[in-house]
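Each value in this text was obtained by applying a stated rule to the coordinates, not by laboratory testing. For clarity, every value in this text was computed on a predicted model and none was experimentally measured. Here the Cβ positions follow ideal geometry from the backbone for every residue, glycine too, while neighbour counts run over all protein chains shown.
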Amino acid sequence: MTGFDFDLFVIGAGSGGVRAARMSAGFGARVAIAEESRVGGTCVIRGCIPKKLLAYAAHYREDFEDAAAYGWRVPEPVFDWPALIANKDREIDRLNGVYKSLLKNSSVELIESRATLLDGHTVAVAGRRVTARVILLAVGAWPEVPPGAPPGITSNEAFHLPALPERIVVVGGGYVACEFASIFNGLGSKVIQLYRGEQILRGFDGDVRAHLAGELRKSGIDLRLGATIADASGIDADLIMYATGRRPRIEGLGLEAAGVRVNKQGAIAVDQFSRASADEVYAIGDCTDRVNLTPVAIREGAAFADTVFGGRPTPVDHETIPSAVFSNPPVAAVGLGEEAARARFPALDIYKSVFRPMKHTLTGRDRKTLMKLVVDRSSQRVLGAHMVGEDAPEIIQMAAIAVKLGATKPDFDRAMAIHPTAAEEFVLMRK
Ligand code: NDP
């Protein structure tokens, strides 16, 4: 390709940008990628991965307590926050290195600097102008704190606190709020979670929302519903953490200069092939605010590469995407919740099971698992599978294959159970 410095210039080396860059290079494109922070993006540097490491750490509190019922005498455990943060940081450093070598081994040129658009084929980066036939925006999203809110942190800072707060207010009722409320609670902070609406986890199945709220309360979180941000300042706490949503990080990116349109949600508007403007500017991942999950950004990055450099136009299928909230207990779901299904199907069969996990028959811990299947009565197709309880994300990942394949309730029933497990309930539900 003549005339341009590169065939593809990617802005943002997160999950989506890196996948798109490497795959495009694999198709023979000359690719550069710019990153102003660390390679790996939200998921690796300040999201999914460090979050899950902290969630593992938080779970040990219960594990130590439960061990006694199984005959273990455990001396009073002592938690060391700086040790956890140092170990977590070491792992994030390692992953950052892995991502860099992946780029290098794919012959993608990494430019560790902020890049902005000058026009549809030109970026300003590291003090120079670079041209490319195609530009891909994969700049992600950033936590948003409502204007006028009392001072506080976001998840970005939560990963680097110098000490564990004794009392923390977590504002929000979405993924990040529920996950961090559980993390701080498990590690030993007193947690007050404030949510403005009637029930946390808007968009999830109603039974799932109520069940998680109950379990969070039983675990010691002081969950207050119908509580506004103003309520936060009246609470005696060391810290307020805002988990009030994220917004595409597109300020100052030069979108107008490249003729890239922003939609009503403040995200980069794209078509089904992630194309953002008449020039060859594309966008993927959280900055397009379609479904803001790492695997979706990766799929969008791969579809972009297939479409633009692989000669195989590939739209991304955004239907029936499973997701999980790594609270304690965790939540996972695929497909429609009961309320969403009722709006689309005339009659449903609902199967629901609430039970005490076997592990807690000995520990006596007051913990209940919820499993639910939402089934279209006329076709018997399983429209949604939902779970709140230990290992829910692992279990629902597998159920997602069946739901995506269009499995019916009789198909679920034909599968033999693995006994004794919690997951077997999904093939045994009769009510
Ligand atoms: P969410 O959109 O999930 O939740 C934001 C929460 O903040 C909602 O409860 C919302 O309330 C509340 N809120 C928003 N604005 C205000 C306000 N002005 N005052 C009070 N409350 C407010 O955002 P998150 O930050 O939790 O996560 C962002 C996205 O990142 C998620 O949607 C998800 O796509 C992704 N993510 C996925 C994870 C996973 O897969 N495990 C983990 C973390 C993030 P209301 O419901 O009333 O609007």
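Expressed as a fraction of 2.2 N^0.38 Å, the C-alpha radius of gyration for the stretch 36-148 is 1.60.
Size descriptors for the stretch 103-212: radius of gyration and Dmax over Cα atoms are 20.5, 55 Å. With pairing defined as another cysteine C-beta under 4.7 Å, the cysteines of the chain that fail it are Cys178, Cys287. Here the Karplus relation 6.51 cos²θ - 1.76 cosθ + 1.60, evaluated at θ = phi - 60°, turns the backbone of the stretch 128-140 into coupling constants of 9, 9, 10, 10, 8, 5, 10, 10, 10, 9, 9, 8, x Hz, with x for every Gly and Pro. Spin-label model, Asp413 to Ser107: label points 7 Å out along the Cα-to-beta-carbon direction sit 5.7 nm apart. If you average the alpha carbon positions of the stretch 90-140 and of the stretch 177-237, how far apart do those two centres end up, in angstrom? Between the Cα centres of the stretch 90-140 and the stretch 177-237 lies a distance of 38 Å. Rg/Rh for the stretch 51-117 stands at 1.26; both radii use Cα atoms, and Rh follows the Kirkwood definition. Ranked by the mean number of other Cβ atoms within 10 Å of their residues, highest first, the peptides 21-27, 398-404 fall in the order 21-27, 398-404. Candidate cross-link partners of Lys359 among the aspartates and glutamates, defined by an alpha-carbon separation under 20 Å and a same-chain spacing of 8 or more, comprise Glu62, Asp63, Glu65, Asp66, Glu215, Glu390, Asp391, Glu394, Glu424, Glu425.
Could you work out the local net charge near Phe309, counting Lys and Arg as +1, Asp and Glu as -1, over the other residues with Cβ closer than 13 Å to its Cβ? Present the calculation step by step, with values, prior to reporting the outcome.
Details: positive: Arg19, Arg22, Arg30, Arg133, Arg312; negative: Asp7, Glu280, Asp306.
Neighbour charge sum, excluding Phe309 itself: +2.
Quick one: work out the % antiparallel among DSSP beta bridges in the chain, nearest 5. Kindly include the intermediate steps, with their values, before the conclusion.
Values: 36 of 66 bridges.
Expressed as a percentage, antiparallel bridges in the chain total about 55.
Once the gyration tensor of the Cα atoms in the stretch 273-429 is diagonalised, the equivalent ellipsoid follows with semi-axes of 35, 19, 14 Å, ordered largest first. The slack in the chain from Ala149 to Asp391, taken as 0.36 nm per residue of separation less the alpha-carbon distance, amounts to 83.6 nm.
Given 0.36 nm per residue, what is the gain on full extension from Ser37 to Val98 after removing their alpha carbon distance, in nm? Don't skip to the end; give the middle numbers.
On the way: separation 61, 0.36 × 61 = 21.96 nm, distance 1.54 nm.
Extra length from Ser37 to Val98 when fully extended: 20.4 nm.
Site pair Met398 and Ala343 shows an inter-label distance of 3.2 nm when each label is modelled 7 Å from Cα along Cα→Cβ. Using just its DSSP H runs of length 4 or more, each adding -39500 (n - 2.57), the chain gives a mean residue ellipticity at 222 nm of -10000 deg cm²/dmol after division by all residues.
Largest GNM mean-square fluctuation across Thr244, Thr408, Thr369, computed for the chain with C-alpha springs under 10 Å, falls on Thr408.
Here the stretch 170-211 is scanned for amide nitrogen atoms under 19 Å from the site 7 Å beyond the Cα of Thr228 along Cα-to-Cβ, giving 170-173, 193-200. Sorted ascending by nearby beta carbons within 10 Å, beginning with the fewest, Val281, Val139 become Val281, Val139. Report, to one decimal in Å, the Kirkwood hydrodynamic radius for the chain based on all distinct Cα pairs. So the Kirkwood estimate lands at 23.4 Å.
Holding the Cα-Cα limit at 20 Å, pick out from Lys52/Lys218; Lys409/Lys431; Lys52/Lys352; Lys52/Lys88; Lys190/Lys372 the pairs that are longer than that. List each step's numbers first, then the result.
Values: Lys52/Lys218 22 Å; Lys409/Lys431 12 Å; Lys52/Lys352 28 Å; Lys52/Lys88 10 Å; Lys190/Lys372 31 Å.
The pairs that break the limit, which is 20 Å between Cα atoms, are Lys52/Lys218; Lys52/Lys352; Lys190/Lys372.
Just how large is the dipole of the chain about the Cα centre, in debye to the nearest 20, putting +1 at every Lys and Arg Cβ and -1 at every Asp and Glu Cβ?
Numbers: 51 positive and 51 negative charges, 113 e Å.
Dipole of the chain, to the nearest 20 debye: 540 debye.
The long axis of helix 175-187 is offset from the longest Cα principal axis of the chain by roughly 50 degrees.
Kindly list the residues of the stretch 5-44 that lie in the label zone of Thr116, defined by a backbone N under 18 Å from the point 7 Å along the Cα-to-C-beta vector. Counting backbone N atoms under 18 Å from the label point, the list is 10-12, 34-37. Averaged over residues, the count of other Cβ atoms within 10 Å places the peptides 415-423, 355-363, 287-295 in the sequence 287-295, 355-363, 415-423, highest first.
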